[in-house]
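Engineer: Questions regarding the structure given below will be posed in turn.
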Amino acid sequence: MKTKLTYWILILGFSSCLYAQQSIPKITSEEVFKKDGYNPLAPANAAFYSAIVPGMGQLYNKDYWKFPVVYGALAIPIYYYSINNTAYKRYRKAFKLREAGLRDEFTDDAGTQLISREGLMSTQRILKQNRDTSLLTFAGLYVLQVLEASVSAHLLQFNVDDKISFDPQFYNEPISNETIVGLSMHINF
């Protein structure tokens, strides 16, 4: 008798526990983002994608026209880096050969030096400076395109509906009949 009572108490206890716990519907972050149109992770995602692969953040933001602009902007300093680095190595090799007492490419068949030692040194310095400037320009543009992707993702979430407007108007003063220029703001909810 005692065991039957215990079984009944356990069965009633478990069944009441099952009915007492109500399942709370889970709301995913995507549903929240669709509801109010704000995705706080969008700028971070755009910046991350753009940092990994240049221009990918712009594609993530659906700014497709910016993708070739990013690659064009990054290709220009790479091109100038390549040209300046090749020329720098050429003049550096000639300088080393001349310092070793050997014939370099800037010495003609008669042994006349077309470029002086100081000219070789000056040209090396200028080409190295141009090469380094191209490298810094590339790094700056790379960071700039990451920043642009993040800012663009922020601005995509900005509220630009028709309820926000600017409408300047001229009013006539009813007593003196003068035109008054002023600013009036009407907020509609």
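The values are calculated or read from the model by the stated rules, or taken from the named source; none is laboratory data. Values in this document were obtained by computation on a predicted structure and should not be read as measured data. Counting neighbours? That spans all protein chains shown, and the Cβs are built from the backbone with ideal geometry, glycine included.
Engineer: With the structure loaded, tell me whether residue 134 is assigned to a helix (DSSP H, G or I), surrounded by fewer than 14 Cβ atoms within 10 Å (Cβ to Cβ) and at pLDDT 90 or above or whether it fails that test. Quick ask: steps written out before the conclusion?
Structural biologist: Numbers: assigned to a helix (DSSP H, G or I): yes; surrounded by fewer than 14 Cβ atoms within 10 Å (Cβ to Cβ): no; at pLDDT 90 or above: yes.
So residue 134 fails the test.
Engineer: If you don't mind, another one. Out of region 125-147, which residues are out of contact with any Ser or Thr (no Cβ under 8 Å at 6 or more places or on another chain) and either of a type in the set (D, E, K, R) or farther than 30 Å from residue 94 by Cβ (or both)?
Structural biologist: In the first step, residues of region 125-147 are kept if they are out of contact with any Ser or Thr (no Cβ under 8 Å at 6 or more places or on another chain); the result is 125-144, 147.
Passing the criteria: 125, 128, 131, 132, 140, 141, 142, 143, 144, 147.
Engineer: When you scan region 143-159, do you find a residue that is part of a strand (DSSP E or B) and modelled with pLDDT under 90, even just one? Please lay out each step first, then the result.
Structural biologist: Let us first name the residues in region 143-159 that are part of a strand (DSSP E or B), namely none.
Within region 143-159, none of the residues are part of a strand (DSSP E or B) and modelled with pLDDT under 90.
Engineer: Another question about this same structure. Taking only region 52-78 into account, find how many residues are part of a helix (DSSP H, G or I) and over 13 Å from residue 153 (Cβ atoms). Lay out the reasoning, then the answer.
Structural biologist: Step one: of region 52-78, the residues part of a helix (DSSP H, G or I) are 52, 56-60, 66-78.
Those still in the list that are over 13 Å from residue 153 (Cβ atoms) too: 52, 67-78.
The total comes to 13.
Engineer: May I pose another question? Filter region 100-122 for residues that are part of a helix (DSSP H, G or I) and either among the small types (Gly, Ala, Ser) or in contact (Cβ under 8 Å) with a residue 12 or more places away in the chain (or both); which is surrounded by the fewest Cβ atoms within 10 Å (Cβ to Cβ)? Walk me through it before giving the result.
Structural biologist: Going through region 100-122, the residues part of a helix (DSSP H, G or I) turn out to be 117-122.
Now narrow it down to the ones that are either among the small types (Gly, Ala, Ser) or in contact (Cβ under 8 Å) with a residue 12 or more places away in the chain (or both): 117, 119-122.
Working: 117: 11, 119: 14, 120: 21, 121: 13, 122: 13.
It comes out as 117.
Engineer: Which residue out of 35, 96, 26 is part of a helix (DSSP H, G or I), at pLDDT below 90 and basic (Lys, Arg)? I'd like the intermediate steps shown before the answer.
Structural biologist: Values: 96 fails: at pLDDT below 90; 26 fails: part of a helix (DSSP H, G or I).
None of the others qualify; the one that does is 35.
Engineer: Sticking with this one: Being buried (at least 16 other Cβ atoms within 10 Å of the Cβ) and not small (Gly, Ala, Ser) is the filter here, so list the residues in region 41-66 that pass it.
Structural biologist: Narrowing region 41-66 to residues buried (at least 16 other Cβ atoms within 10 Å of the Cβ): 42-43, 45-51, 54-61, 63, 66.
Listed by number, the residues that qualify are 43, 45, 48, 49, 54, 56, 58, 59, 60, 61, 63, 66.
Engineer: Next question. Between a residue in region 123-141 that is charged (D, E, K, R) and any residue that is surrounded by 14 or more Cβ atoms within 10 Å (Cβ to Cβ) and in a helix (DSSP H, G or I), which pairs come within a Cβ distance under 7 Å, given they are 6 or more apart or on different chains?
Structural biologist: Correct list of pairs: 128/88; 131/81; 131/84; 131/85; 131/88.
Engineer: What tally of residues in region 60-96 results from selecting those that are over 28 Å from residue 119 (Cβ atoms), touching a helix residue (DSSP H, G or I) at 6+ places or on another chain (Cβ under 6 Å) and without any contact (Cβ under 8 Å) to a residue 60 or more places away in the chain?
Structural biologist: 1
Engineer: Does region 136-150 contain any residue that is under 27 Å from the mean Cα position of the chain (by Cα), more than 21 Å from residue 52 (Cβ to Cβ) and of a type in the set (D, E, K, R)?
Structural biologist: So far as region 136-150 goes, no, none of its residues is under 27 Å from the mean Cα position of the chain (by Cα), more than 21 Å from residue 52 (Cβ to Cβ) and of a type in the set (D, E, K, R).
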